[in-house]
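Here's the structure we're looking at; comments come further down.
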Amino acid sequence: MTTPQDPENRPPQQPYTPPQQPYTPAPPPLSESELARSGGQRPAVPEPKEVRLSFFLWLASAILLVVSSVLVLTQRETALEEARKAPPTPGITVEQLESTVTAILVFLVIIGIVLAGLMVLFAMKARAGRNWARIALTVLGAAVFLYHLVGFSLVGLVIVLVVAAAVVTLYLPASKAYFDAVKRAG
């Protein structure tokens, strides 16, 4: 018997379903005894030489940054001479000018030391495979570049070049694979 909707009495068509992949369950988590044997930590992904090199470049740049920041204090007299040559500001005494120059130099030293401390902290985290630390170090590298634009020096140029090399090594293919592997390992 035929229906008005199907005058030729064809069997109903089945919708297309793509072939299914066989289900493979995830490996079981490590047992307590396995965790105890590994020191309570998950097995580590070995760090590539590029990440290790970047770590040491960050340490070197942090040391150079601290040294150059402290050396800024030796430039107090030069900075005072330059400030005295500038057009005088009404109402500013010589003592106020000297204290302002000293405060600015101390502020620059503090900024340099803080940047160096952050470099070391984030470099240790990046060496452990934390991708957020790699991004933070990139931003920190830009901050170091801007910091050294304030007062150009040969030491500042060396620091900027070392930081640039440290940032580049964090984004090489082996480094990217390391950060991806650590992320997957959880």
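The values are calculated or read from the model by the stated rules, or taken from the named source; none is laboratory data. Here the structure is a predicted model, which means the values were calculated and not measured. Virtual Cβ from ideal backbone geometry, glycine too; neighbours counted across all protein chains shown. With ligands, DNA and RNA removed, areas are computed over all heavy atoms of the protein, side chains included. Shrake-Rupley method; radii C 1.70, N 1.55, O 1.52, S 1.80 Å.
Could you check, for the range 147-159, whether at least one of its residues is under 12 Å from the mean Cα position of the chain (by Cα) and in contact (Cβ under 8 Å) with a residue 40 or more places away in the chain? No: the range 147-159 contains no residue that is under 12 Å from the mean Cα position of the chain (by Cα) and in contact (Cβ under 8 Å) with a residue 40 or more places away in the chain.
Determine if the range 93-113 includes at least one residue that is touching a residue at least 12 places away in the same chain (Cβ under 8 Å) and closer than 30 Å to K49 by Cα. So far as the range 93-113 goes, yes, one or more of its residues are touching a residue at least 12 places away in the same chain (Cβ under 8 Å) and closer than 30 Å to K49 by Cα. Restricting V66, V70, V51, V45 to residues that are in contact with a Gly (Cβ under 9 Å, 6 or more places away or on another chain) and outside any helix (DSSP H, G or I) narrows the list to V45. Picking from residues in the range 166-186 that are loosely packed, with under 14 Cβ neighbours inside 10 Å and not hydrophobic (A, V, I, L, M, F, W, C), the one that is nearest to G141 (Cα to Cα) is Y171. What do you reckon, is A136 at pLDDT 95 or above and either in a helix (DSSP H, G or I) or open to solvent by less than 40 Å² (accessible area, probe 1.4 Å) (or both)? Here the answer is yes, as A136 does meet what is asked.
Among the residues of the range 27-42, is there at least one that is at pLDDT below 85, open to solvent by 80 Å² or more (accessible area, probe 1.4 Å) and part of a helix (DSSP H, G or I)? Yes; the residues of the range 27-42 include at least one that is at pLDDT below 85, open to solvent by 80 Å² or more (accessible area, probe 1.4 Å) and part of a helix (DSSP H, G or I). Take the residues of the range 96-108 that are at pLDDT below 90 and closer than 16 Å to L149 by Cα: which is surrounded by the fewest Cβ atoms within 10 Å (Cβ to Cβ)? The qualifying residue surrounded by the fewest Cβ atoms within 10 Å (Cβ to Cβ) is I104. Per the conditions (1) part of a helix (DSSP H, G or I); (2) hydrophobic (A, V, I, L, M, F, W, C); (3) at pLDDT below 95, the sole criterion not satisfied by F152 is (1).
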